[in-house]
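The structure under discussion appears below in the form of structure tokens.
The values are calculated or read from the model by the stated rules, or taken from the named source; none is laboratory data. Note that the structure is predicted; figures quoted are calculated from it, not measured. Counting neighbours? That spans all protein chains shown, and the Cβs are built from the backbone with ideal geometry, glycine included. Ligands, DNA and RNA are stripped out before the accessible areas are found, and what is left, the full protein with its side chains, is counted by its heavy atoms. Shrake-Rupley method; radii C 1.70, N 1.55, O 1.52, S 1.80 Å.
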Amino acid sequence: GVYCSPVAIAVMGVLVLLILFWIVYLLGEWTCLPLSPPAVFTVFSFTSVIDLIISLEEDGYISGFMEFYLKEGEPYLRTAYGIMICYWDGIVHYLLYLAMIMAITQRKNYRTLGLYWLGSLMMSIVVFLPGTMLGKYSSEIRPSFLLNVPYILIPIWAGMRLFSQPKSLPCCTAEKVAAEQQRSLYQRPLDLGLILFLMVAAMFTFFRGLVVLDCPSDSCFDYIYQYEPYLRDPVAYPKVQMLVYVFYVLPFFCLGIYGLLRPGCTWLPDWALVFAGAVAQAQFSHVGSSLHHRTPYPYRTPEEVWWVFLLTNILYALGPHLLAYRCLCSPGFFQPAAPTVQDGIKKHQ
């Protein structure tokens with residue numbers, strides 16, 4: 001076969017991205033800036049298709065497309081985790097890019113979709129990059145690894161744009177907001193259930209963090225060997241994932257509980273969307289990797305505990321989505337308190 005050096009592959013990858021940006025810039029009618037959202041989403045949708053091809057080829061559905069790149073460019077994408085994040089990028093991110101491009105062309109607000117995508121993309125990169133550098137593939141990092149730099153820079157740019165856009169929430173009158181915020185927790189059974197759910201999720205997050213930090217307790221030992229042996233895999237992705245959960249998702253669960261107890265937390269709806277996307281991407285990749293044939297057999301989840309493992313992890317991913325849904329569908333509780341008509345009358349009296 002034709003041999004390409006790792007440096008040549010990296011240079012070709014950079015050139016392809018630059019050419020794509022230039023083509024989109026020339027053909028696009030959205031703006032004169034090459035870093036407009038439609039241009040970025042269009043280029044990233046192309047890379048999503050490449051990732052889908054990588055995952056399909058590694059799982060044996062197609063062949064002969066990306067073998068040279070995976071061998072000399074990014075061999076760590078051949079791991080179970082690499083395949084799973086490629087599936088997620090090639091399917092979920094691709095659909096989000098198309099939906100956001102369509103919303104922009106129709107002059108609709110894409111903020112909700114954008115925040116979900118932002119959380120998903122950030123979670124994939126903060127686990128993938130450290131996991132690659134710390135795991136058993138750290139000695140096989142090639143210049144093509146630098147092609148991941150845009151995935152660090154673009155979320156920063158996108159986050160600044162998305163959070164600066166006006167929110168597209170249902171309009172609530174001051175009286176409705178006041179009435180919503182005066183209801184006690186016992187009058188909000190769904191919120192009470194969400195708080196209990198987030199408390200359990202926070203404890204589970206902390207427990208799995210102790211597991212990957214080699215806590216000597218019997219419960220941690222039994223869990224890592226009987227339920228999630230993938231946490232011991234030397235690729236380091238699962239360990240980094242659990243630590244990211246502890247340092248970022250666990251504090252958010254606590255803040256989510258606070259936001260459901262104290263009215264007027266205007267920041268919660270946005271961050272609930274971001275963390276819903278982040279946890280969805282993380283759980284898909286983690287669960288898929290735990291069961292994938294590329295994971296060595298000793299680290300795969302035993303078949304006899306599949307249902308417990310799947311149910312636990314699906315519920316864990318469901319929690320942030322329920323919180324985001326609650327914030328979007330009934331936002332009055334999270335809006336700043338406004339003076340009502342009665343308050344205005346009393347003030348003038």
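A few remarks follow.
- Here is the figure for segment 137-189: residues that are touching a Phe, Trp or Tyr at 6+ places or on another chain (Cβ under 6 Å) and within 30 Å of T295 (Cβ to Cβ) total 1.
- Filtering segment 252-271 to residues that are assigned to a loop (DSSP other than H, G, I, E, B) and touching a residue at least 24 places away in the same chain (Cβ under 8 Å) leaves P263, G264, C265, T266.
- Segment 287-324, residues that are assigned to a helix (DSSP H, G or I), farther than 27 Å from W271 by Cβ and not aliphatic (A, V, I, L, M): S290, Y297, P298, Y299, E303, E304, W306, W307, F309
- Given (1) open to solvent by 30 Å² or more (accessible area, probe 1.4 Å); (2) of a type in the set (G, A, S); (3) within 25 Å of L315 (Cβ to Cβ), index of the condition S124 fails: (1)
- Restricting S55, S36, S45 to those that are open to solvent by less than 60 Å² (accessible area, probe 1.4 Å) and either of a type in the set (K, R) or modelled with pLDDT under 80 (or both) reduces the list to S36.
- Candidates Y230, Y137, filtered to the one that is touching a Pro at 6+ places or on another chain (Cβ under 7 Å), of a type outside the set (D, E) and more than 16 Å from T312 (Cα to Cα): Y137
- For segment 67-81, filtered to residues that are at pLDDT below 90 and in a loop (DSSP other than H, G, I, E, B), the residue that is surrounded by the fewest Cβ atoms within 10 Å (Cβ to Cβ) is G73.
- Flag if E180 is open to solvent by less than 70 Å² (accessible area, probe 1.4 Å), among the acidic types (D, E) and farther than 22 Å from K136 by Cα: yes
- Look at segment 301-327: where a residue is over 21 Å from S285 (Cβ atoms) and modelled with pLDDT under 95 and a partner is of a type in the set (A, V, I, L, M) and open to solvent by 60 Å² or more (accessible area, probe 1.4 Å), sitting 6+ places away or on another chain with Cβ atoms under 7 Å, you get R326/L190.
- Take the conditions (1) in a helix (DSSP H, G or I); (2) open to solvent by 30 Å² or more (accessible area, probe 1.4 Å); G64 misses just one of them, which is (1).
- Selected residue (criterion: surrounded by the fewest Cβ atoms within 10 Å (Cβ to Cβ)) from residues of segment 205-230 that are touching a Ser or Thr at 6+ places or on another chain (Cβ under 9 Å) and closer than 15 Å to T301 by Cα: Y227
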